[in-house]
């Protein structure tokens with residue numbers, strides 16, 4: 001009996017790891033796969049496939065499809081962009097998922113343009129900045145720190161910053177105030193914006209004025 005048992009054990013030991021595992025998986029573990037030897041390997045998750053750092057898991061077609069789908073979406077965007085024929089002073093603008101178009105720079109400019117004045121005084125005139133492109137002013141917004149209020153008037157100074165065309169006036173307070181009634185809304189590329197300070201109530205240390 002003992003001889004047969006020893007012979008069985010010896011026979012198992014002489015088998016390859018795969019054959020031994022097939023005879024008794026509890027006693028023998030198959031080797032792990034490497035770059036040079038066959039073996040077992042776990043399957044990669046989609047997250048591991050995307051991270052691309054793990055070296056001991058196998059990629060499945062499903063994993064690969066996740067990344068290929070991403071690449072195809074990117075390729076579709078690049079193809080759409082390459083097909084555009086934008087001209088000077090135009091930019092490429094995304095209008096929706098996969099929808100790209102040429103847009104005039106003036107139409108693409110949006111958002112607030114702001115400037116902060118320290119210790120504003122009545123009758124002060126400040127040259128704020130020149131406009132980078134033509135645009136239409138739709139709102140004036142201002143807030144002050146310290147004091148009670150400041151009357152602020154935005155003017156279009158033109159290309160030589162001496163013009164006095166009133167854009168709008170707003171009375172700024174510590175809570176912020178806005179003005180949507182615009183007297184002269186159109187700005188041309190290169191126009192200088194002037195800020196004229198009116199009545200200052202209290203000790204105002206800062207005034208921030210924005211237009212959009």
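Every read-out reported here was derived from the displayed coordinates using simple, explicitly stated rules and does not represent laboratory data. Here the structure is a predicted model, which means the values were calculated and not measured. Ideal geometry is used to build each Cβ from the backbone, glycine not excepted, and the neighbour counts take in all protein chains shown.
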Exercise. Say R0 is 41 Å: what FRET efficiency, to the nearest 0.05, do residue 48 and residue 86 get from their beta-carbon distance?
Worked result: 0.50
Problem set entry | Whole-number percent relative contact order across the stretch 111-211, with pairs defined as alpha carbons under 8 Å at least 6 apart | 47 percent
Seminar exercise, completed: Honestly the stretch 111-211 on the Cα gyration tensor test (a ≥ b ≥ c root eigenvalues; a/c under 1.5 rounded, otherwise a/b vs b/c for prolate or oblate) is just prolate
Exercise. How would you order 195-206, 152-163 from highest to lowest mean count of nearby Cβ atoms within 10 Å?
Worked result: 152-163, 195-206
Exercise. Once the Cβ-Cβ distance between residue 78 and residue 208 is put in as r, and R0 is 35 Å, what FRET efficiency do you end up with, to the nearest 0.05?
Worked result: 0.30
